Every structure is written in C-alpha cells, then in structure tokens.
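Only one structure is covered here, and it is reproduced in the block below.
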C-alpha cells in the first residue's frame, strides 16, 4: 500500500511538471504580441524604385529596393514583378503598384 501511494504522488508531481512545461512552451499559434502590433507599420517595408524606371523597361533586382514605412507592396511579393514590363514610369523612391 505504501508503494502505491508513493507512485501516485510521483505520478501527480510528474503530471504537474508536464503542465508547467506546456505553459512555458506557449501556444503553437504564431501571432504578433500586442507591443509588436503598434510597430508593424513602422518596421515593415514596401517596394520602391531604386532609380528612375522608364515605361516599358523590365523590372529587375537592380531597379527596386525596399524602404520603410510599409504603405505599399510587401517586399515578399517582389517575385511577382521581376521580369515583367513596367506599364508606367517610376521616379526614384516611388512605391511600386500592382500593374
């Protein structure tokens, strides 16, 4: 009987420790913290022309860059532009637009 109680206490302690570890690991849902949400527009970037781009020119890695703030197209989408012809002219630092 004494051994059974000891095993039960060990098991309950073990379960308690597992629950503490689960809390420490946190959620599997990835989302910004409240403090990060305030800064998203400031720290994110947008795609802009790095130099004058003539209408009809082809978008390339050399004629664009990413700058703050994030008021335009996210740089992760740059591959949607590379190799396509520009439909209008862009001055240096103009934000790229979906064409």
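Of the numbered conditions (1) at pLDDT below 90; (2) surrounded by 12 or more Cβ atoms within 10 Å (Cβ to Cβ), residue 65 satisfies every one except a single condition; which is it?
For residue 65, the failing item is (1).
Is there a residue being within 14 Å of the chain's Cα centre (by Cα) and assigned to a strand (DSSP E or B) anywhere in the stretch 77-89?
Looking through the stretch 77-89, none of the residues is within 14 Å of the chain's Cα centre (by Cα) and assigned to a strand (DSSP E or B).
Which one of these is surrounded by 10 or more Cβ atoms within 10 Å (Cβ to Cβ), without any contact (Cβ under 8 Å) to a residue 40 or more places away in the chain, in a helix (DSSP H, G or I) and out of contact with any helix residue (DSSP H, G or I) (no Cβ under 7 Å at 6 or more places or on another chain): 21, 37, 73?
37
Please verify whether the stretch 53-61 includes one or more residues that are part of a loop (DSSP other than H, G, I, E, B) and surrounded by 14 or more Cβ atoms within 10 Å (Cβ to Cβ).
Taking every residue of the stretch 53-61 in turn, at least one turns out to be part of a loop (DSSP other than H, G, I, E, B) and surrounded by 14 or more Cβ atoms within 10 Å (Cβ to Cβ).
Can you tell me how many residues within the stretch 76-99 are touching a residue at least 40 places away in the same chain (Cβ under 8 Å), on the phi < 0 side of the Ramachandran plot and exposed (fewer than 12 other Cβ atoms within 10 Å of the Cβ)?
Qualifying residue count for the region: 1.
The values are calculated or read from the model by the stated rules, or taken from the named source; none is laboratory data. What you see is a predicted model, and the numbers here were worked out from it, not measured in a lab. As a convention, Cβ positions derive from the backbone with ideal geometry for all residues, glycine included, and neighbour counts pool all protein chains shown.
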